[in-house]
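Report on the structure given below.
Bear in mind that the values in this text are calculations on the coordinates, not laboratory data. Just so you know, these numbers come straight off a predicted model, no measurement behind them. As a convention, Cβ positions derive from the backbone with ideal geometry for all residues, glycine included, and neighbour counts pool all protein chains shown.
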Amino acid sequence: MQATQEYLTKEKFKELEKELEYLKTARRKEIAEALEYAKSLGDFSENQEYQEARDSQAVLEDRINRLENILKFASIVSTQNTDVVGVGSVVTVERASDKTKKSYTIVGSEEANAAEGKVSLRSPFGVSAMGKKKGDTFSFETPSGTMSYKIIDIK
């Protein structure tokens, strides 16, 4: 798996550490117990409980590996007032087509959540906004056409 730089807030970093600890301790134990029970049922070839427990174990180990990589290569970002859009910036933009204003926080991929206004720096919006200053305009392609925005404020 290719390791990539991941940008996280301190809070998200701690949240992922907590999840990793839970998965490595309590969840691994739960799955091990499920595997032991399923083994006791005999004949693995037709043992649905055993197959489900093995699948759960594989998913768990994948998540643990992913979390370990994210945390290993994470850069902690803090919100800071600058005049240039960067990771952690809260950007207020005005859409060119209808002059509606919205604020978005530029975050790492792991924290992106459109419902909370958190946009990944790797999204088309994030890539286009990075490095821009107050008053700059930017645009990017979407399936429904070109979206254009003007930066009103950066916090």
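Taking every DSSP beta bridge that has both ends in the chain, the antiparallel portion is near 70%. Fully extending the segment from ILE64 to THR142, taken as 0.36 nm per residue of separation minus the present Cα-Cα distance, adds 24.7 nm.
Taking every C-alpha pair closer than 8 Å and separated by at least 6 residues, the mean separation divided by the residue count of region 6-76 gives a relative contact order of 55 percent. Mind giving me the FRET efficiency for GLU49 and SER75? R0 is 35 Å, r the Cβ-Cβ distance, nearest 0.05 is fine. Efficiency at R0 = 35 Å is approximately 0.25.
P(r) tail for region 6-76, what percent of Cα pairs lie past 15 Å? The calculated P(r) of region 6-76 puts 58 percent of pairs beyond 15 Å.
Quick one: grab the alpha carbon gyration tensor of region 79-154, order the square roots of its eigenvalues as a ≥ b ≥ c, and give me rounded if a/c is under 1.5, else prolate or oblate depending on whether a/b is larger than b/c. It is oblate, given that a/c is not under 1.5 and a/b is not larger than b/c.
Residue pairs exceeding 22 angstrom between C-alpha atoms, taken from LYS24/LYS118; LYS10/LYS99; LYS102/LYS133; LYS14/LYS102; LYS132/LYS155: LYS24/LYS118; LYS10/LYS99; LYS14/LYS102.
Computed from the alpha carbon positions, the gyration tensor of the chain leads to an equivalent ellipsoid with semi-axes of 43, 18, 11 Å, biggest first. Full extension of the chain between LYS39 and ALA96 yields a length gain of 14.3 nm, computed as 0.36 nm times the residue separation minus the alpha carbon distance. Couplings 3J(HN,Hα) of region 109-125, computed from phi: 4, 5, 9, 4, 7, 4, 5, 9, x, 9, 10, 5, 5, 8, 6, x, 4 Hz, in residue order, whole Hz [Karplus 6.51 cos²θ - 1.76 cosθ + 1.60, θ = phi - 60°; x for Gly and Pro].
For a modelled paramagnetic label at ARG122, 7 Å from Cα along Cα-to-Cβ, the residues of region 1-38 in reach, with backbone nitrogen under 14 Å, are 1-8. Taking other residues whose beta carbon is less than 12 angstrom from the beta carbon of ASP83, and scoring Lys, Arg as +1 and Asp, Glu as -1, yields +2.
To the nearest ten degrees, helix 48-72 and the longest principal axis of the Cα atoms of the chain are 40 degrees apart.
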